[in-house]
Amino acid sequence: MKIFHIAERPEWDAARQAGGPYEVSTRGQTLAEVGFIHASRDEEQVRTVERAFYADLDDLVLLVIDPQGLDVRHEPVGDDVFPHIYGPLPIEAVIDVRPLPGNR
């Protein structure tokens, strides 16, 4: 089962070029600040998060993540449940990188 994370392309590119890991929790906040990396369980959740938090940005990518071996906890947020990745995201766990619709 895959999970997903919206990333700003420059932050993802920097982590990839450095050989990892990726340590951005969410827009403008690091893993160290938040304690986990926000993720989505499916593409419907991705669209909801994109509309709510990233609508004004146009250089985004969707990281498709294989959660095997990661500390992923499914936790309630409001009326929904989201996967949260506790710890840095190894570059190798990202199995695909997709442009988000409407983005470069």
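General remarks:
- Residues being more than 20 Å from D13 (Cα to Cα), of a type in the set (D, E) and surrounded by 14 or more Cβ atoms within 10 Å (Cβ to Cβ) - total across the stretch 44-83: 0
- Only residues that are more than 23 Å from L57 (Cβ to Cβ) and either of a type in the set (S, T, N, Q) or modelled with pLDDT under 95 (or both) were counted across the stretch 76-104, and they come to 1.
- Strands (runs of 3 or more DSSP E) within the stretch 15-94 that include 2 or more residues of a type in the set (V, I, T), touching a residue at least 24 places away in the same chain (Cβ under 8 Å) and in contact with a helix residue (DSSP H, G or I) (Cβ under 6 Å, 6 or more places away or on another chain): 60-65
- For the stretch 76-90, a residue qualifies if it is of a type in the set (A, V, I, L, M) and under 12 Å from the mean Cα position of the chain (by Cα), and the qualifying residues are I85, L89.
The values are calculated or read from the model by the stated rules, or taken from the named source; none is laboratory data. Values in this document were obtained by computation on a predicted structure and should not be read as measured data. Note that we place each Cβ from the backbone using ideal geometry, even for glycine, and neighbour counts take in every protein chain shown.
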